[in-house]
Amino acid sequence: GRRAGRVMTTDTEWLDREAARRNADRASATYDASAVLQARLRQQMIERLEWIAFTPESVVDLGCGTGHAARALGARWPQSRVIAIDVAPAMLAEAARQDGPGRCEYLGADALALPLPDASVDLVFSNLMLPWCDDPDAVFAEIARVLRPRGLLTFSTFGPDTLIELRGAWRAADDGMHVIPFTDMHDIGDSLVRAGLVEPVLDVCRYTLTYPDVRSLMRDLKAIGAQNATADRPRGLTGRGRLHAVEQAYERHREDGVLPATYEAIFGQAWGS
């Protein structure tokens, strides 16, 4: 079979994977209340599957979080085997709790090393897991390995204009990396092709969430486990002075009494070869 994607160590590695997993674990109880955009993108991804006439025998929800997509896909294809995979144990536990009778199977695993046989999956569904991967080539190679020929990968991720206001506001306060780097759509397309996935289709939608102040935005990000997990993030508490500088810099975006937070959502799909 095809070789699994190797975890490459490069100078571009920016993610503290253990911190990202810990953040997701801590957010398992608060995630659903704040994951408004995540829910919207998930719904759009599920609706897009209606354009494709196929009944998958086996479905993987990769980076399943609290399991909403896994449950929806299981309800849509009751005869299918649905496997929900996440690296955060508390997220999986919350997903299983919400699943009640246990329609889905739950697996704790890293997207870089899926405990699944080669060519065993008809559909890989992944909503906003990719922003937390600093090696998309390795993730796509691993997905290509487990997909059957003509199996479908459908995913969403965020592009570089995501949280552009927050990124700029932090830049006014210090030189640290406070917002994770998001991959450009064209680079994602190239990555899919390198992994041996075929007929990639990508498109972009922009969304704006609004907040009364910067701290509300930061609380929301923390509630979904999306706080800073970069390897060179500043450790310890952010000083009051720097936070004030961030707030001041963000204020210039205020319009109609609220602060905007831009998200550049990328939807993608590709087929196993």
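The values are calculated or read from the model by the stated rules, or taken from the named source; none is laboratory data. Model, not experiment: these values are computed from the prediction. No Cβ is skipped: glycine too gets one built from the backbone with ideal geometry, and neighbour counts run over all protein chains shown. Ligands, DNA and RNA are stripped out before the accessible areas are found, and what is left, the full protein with its side chains, is counted by its heavy atoms. Shrake-Rupley method; radii C 1.70, N 1.55, O 1.52, S 1.80 Å.
Among 167, 219, the sequence by solvent-accessible area, most first, with a 1.4 Å probe is 219, 167.
Here the 3J(HN,Hα) profile of region 54-70, calculated from phi with Karplus coefficients 6.51, -1.76 and 1.60 at θ = phi - 60°, is 7, 10, x, 6, 10, 10, 10, 9, 8, x, 6, x, 8, x, 4, 5, 4 Hz, Gly and Pro shown as x. A probe of 1.4 angstrom, applied to the heavy atoms of all protein chains, finds residue 142 with accessible area near 0 square angstrom.
In this structure residue 193 has an accessible area near 90 Å², from a 1.4 Å probe over the protein heavy atoms.
Modelled spin-label separation between residue 222 and residue 79, with each label point placed 7 Å from Cα along the Cα-to-Cβ direction: 4.9 nm. To the nearest 10, the accessible area of residue 54 is 50 Å² with a 1.4 Å probe. Modelled spin-label separation between residue 54 and residue 215, with each label point placed 7 Å from Cα along the Cα-to-Cβ direction: 5.0 nm.
Using the Cα gyration tensor of region 120-202, with a ≥ b ≥ c the square roots of its eigenvalues, what is the shape: rounded (a/c below 1.5), prolate (a/b larger than b/c) or oblate (neither)?
It is prolate, given that a/c is not under 1.5 and a/b is the larger ratio.
For region 43-52, backbone phi angles converted through the Karplus equation (6.51, -1.76, 1.60; θ = phi - 60°) give residue-by-residue couplings of 4, 5, 4, 5, 5, 5, 5, 5, 6, 10 Hz, Gly and Pro being listed as x.
Note: relative contact order over region 143-218, using C-alpha pairs below 8 Å and six or more positions apart, is 25 percent.
Taking a point 7 Å out from the Cα of residue 199 in the direction of its Cβ, the residues of region 49-69 whose backbone N falls within less than 16 Å of it are 49-56.
Taking other residues whose beta carbon is less than 13 angstrom from the beta carbon of residue 251, and scoring Lys, Arg as +1 and Asp, Glu as -1, yields -1.
Listed values for region 146-155 are Karplus-derived 3J(HN,Hα) couplings in whole Hz (6.51 cos²θ - 1.76 cosθ + 1.60, θ = phi - 60°), namely 7, 6, 6, x, 6, x, 10, 9, 10, 8, and x replaces Gly and Pro. Taking amide H as placed 1.01 Å from N in the peptide plane, residue 158 has its amide H under 5 Å from the amide H of 266, each at least 5 places away in sequence or on another chain.
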